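Asks: I'd like to ask you about the structure that follows.
No lab work stands behind these numbers, since they all come straight from the coordinates. The structure displayed is predicted, hence computed values, not measured ones. Cβ placement follows ideal geometry from the backbone for every residue including glycine, while neighbour counts extend to all protein chains displayed.
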Amino acid sequence: MRLQKYMAECGVASRRKAEEMIAAGQVTVNGVTVTEMGTQVEEGDQVLVNGQRIRPETEKKYVLYHKPAGEVTTVSDPEGRPCVLDHFRDYPVRLYPVGRLDYDSEGLLLLTNDGTLTERLLHPSHQVDKTYLVRVTGKVSLDTVRLLRQGVLLDDHKTAPAKVRIIKEETFATVVLVTIHEGRNRQVRRMFEEAGHKVLQLRRVKFGPLELGPLPRGQWRELTAEEIRKLMAYQ
């Protein structure tokens with residue numbers, strides 16, 4: 001079995017992320033640092049990621065977490081900031097986030113040890129919808145709504161059309177519901193910046209078939225059997 005696939009089956013990360021970790025020299029096989037993608041792993045081999053041994057986990061877990069602003073969506077942070085996974089140090093299996101939310105953003109974050117599912121959900125071909133409740137400065141005009149729906153030029157590439165609906169107009173701000181399926185870095189914030197609005201608050205309220213619902217900030221729960229079924233069937 002290829003090393004990156006083995007890492008995914010151990011719940012470490014998607015295959016794509018595993019390849020990045022291998023290239024960065026974070027993985028050893030039987031005491032030897034490996035940076036080649038074609039490395040094969042056989043039964044009995046000792047694989048370590050950042051010094052910790054990994055093994056395939058037979059029990060798959062799926063957790064929905066309401067990430068608050070002020071946490072990074074990584075295993076650790078060189079700047080010493082709070083990490084999402086700090087809350088799951090004592091969880092019975094090692095969990096990893098499916099995608100990420102910016103440090104300043106909050107809302108629904110899926111965590112799992114199912115590397116195969118992670119890879120499928122993050123692959124661009126599956127176009128998983130992500131819905132955000134966004135509060136921005138100023139009044140959002142219908143022209144801005146049309147612009148966001150048609151696509152905004154970011155890094156010389158136009159964003160895919162977004163679903164956009166104005167939810168509430170305040171004196172100095174507007175609350176907008178935005179759905180995208182791309183995953184560019186800080187994409188929603190940058191889309192609004194291009195349209196002349198600064199994001200004051202951004203909360204992800206839906207990821208694929210999963211909804212955040214009334215779960216309080218900083219709290220988590222395991223997915224129900226029905227939610228897992230919908231997630232597995234999601235296209």
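Condition check ((1) without any contact (Cβ under 8 Å) to a residue 12 or more places away in the chain; (2) in contact with a His (Cβ under 9 Å, 6 or more places away or on another chain); (3) under 23 Å from THR112 (Cβ atoms)) across all residues:
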site	(1), (2), (3)
GLN187	no, no, yes
GLU194	no, no, no
LEU215	no, yes, yes
GLY218	no, yes, yes
GLU226	yes, no, yes
LEU231	no, no, yes
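Asks: Further question on the same structure: Over 30 Å from GLN52 (Cβ atoms) and acidic (Asp, Glu): which single residue out of ASP104, ASP129, ASP90, ASP114 fits that description?
Replies: Numbers: ASP104 fails: over 30 Å from GLN52 (Cβ atoms); ASP90 fails: over 30 Å from GLN52 (Cβ atoms); ASP114 fails: over 30 Å from GLN52 (Cβ atoms).
The match here is ASP129.
Asks: Considering only the stretch 88-136, state which residues are of a type in the set (Gly, Ala, Ser) and in contact with a Lys or Arg (Cβ under 9 Å, 6 or more places away or on another chain).
Replies: GLY99, SER105, GLY107, GLY115, listed by residue number.
Asks: Is one or more of the residues making up the stretch 127-134 among the hydrophobic types (A, V, I, L, M, F, W, C) and farther than 21 Å from ARG203 by Cβ?
Replies: Within the stretch 127-134, none of the residues are among the hydrophobic types (A, V, I, L, M, F, W, C) and farther than 21 Å from ARG203 by Cβ.
Asks: Before we move on, is MET7 out of contact with any Cys (no Cβ under 6 Å at 6 or more places or on another chain), without any contact (Cβ under 8 Å) to a residue 40 or more places away in the chain, under 22 Å from HIS123 (Cα atoms) and not basic (Lys, Arg)?
Replies: For MET7, the condition - out of contact with any Cys (no Cβ under 6 Å at 6 or more places or on another chain), without any contact (Cβ under 8 Å) to a residue 40 or more places away in the chain, under 22 Å from HIS123 (Cα atoms) and not basic (Lys, Arg) - is not met.
Asks: Tally the residues that are crowded, with 16+ Cβ neighbours inside 10 Å and more than 21 Å from the chain's Cα centre (by Cα), restricting the search to the stretch 39-56.
Replies: 4
Asks: Let me ask you something else. If a residue must be closer than 21 Å to MET21 by Cα and surrounded by 14 or more Cβ atoms within 10 Å (Cβ to Cβ), how many such residues does the stretch 64-87 contain?
Replies: 8
Asks: Only residues that are small (Gly, Ala, Ser) and under 18 Å from LYS17 (Cα atoms): list them for the stretch 41-63, please.
Replies: GLY51
Asks: Shifting gears a bit: Only one residue in TYR103, TYR91 is under 14 Å from the mean Cα position of the chain (by Cα) and of a type outside the set (Gly, Ala, Ser). Which one?
Replies: TYR103
Asks: Scan the stretch 115-143 residue by residue and report those that are under 20 Å from LYS198 (Cβ atoms) and either out of contact with any His (no Cβ under 7 Å at 6 or more places or on another chain) or surrounded by fewer than 17 Cβ atoms within 10 Å (Cβ to Cβ) (or both). Break it down into steps so the answer makes sense when it comes.
Replies: Restricting attention to the stretch 115-143, the residues satisfying the condition of being under 20 Å from LYS198 (Cβ atoms) are 132-143.
Hits for the stretch 115-143 are TYR132, LEU133, VAL134, ARG135, THR137, GLY138, LYS139, SER141, LEU142, ASP143.
Asks: Please list, ordered by residue number, the strands (runs of 3 or more DSSP E) wholly in the stretch 124-235 having 3 or more residues that are hydrophobic (A, V, I, L, M, F, W, C). Write out each step before concluding.
Replies: Details: elements: 130-137, 163-169, 173-180, 199-207, 220-222.
So the answer is 130-137, 163-169, 173-180, 199-207.
Asks: Also, quick follow-up: Could you list, in sequence order, all residues of the stretch 19-38 that are surrounded by 16 or more Cβ atoms within 10 Å (Cβ to Cβ) and free of Cβ contacts under 8 Å to residues at least 24 places away in the same chain?
Replies: Within the stretch 19-38, GLU19, ILE22, THR28 meet the criteria.
Asks: Every residue in the stretch 161-185 that is closer than 20 Å to ASP102 by Cα and not charged (D, E, K, R), please.
Replies: ALA162, VAL175, VAL176, LEU177, VAL178, THR179, ILE180, HIS181, GLY183, ASN185
Asks: Another question, if that's okay. Looking at the stretch 40-64, which of its residues are closer than 19 Å to GLU119 by Cα, of a type outside the set (Lys, Arg), out of contact with any Asp or Glu (no Cβ under 9 Å at 6 or more places or on another chain) and in contact (Cβ under 8 Å) with a residue 24 or more places away in the chain?
Replies: Selection gives VAL49, ILE54, GLU59.
Asks: On to the next question. Could you grab the pairs with beta carbons closer than 9 Å, sequence gap of 6+ or different chains, first residue in the stretch 83-106 and on the phi > 0 side of the Ramachandran plot, second one of a type in the set (Ser, Thr, Tyr) and assigned to a loop (DSSP other than H, G, I, E, B)?
Replies: Pairs that qualify, where the first residue is on the phi > 0 side of the Ramachandran plot and the partner is of a type in the set (Ser, Thr, Tyr) and assigned to a loop (DSSP other than H, G, I, E, B), are GLY99/THR73.
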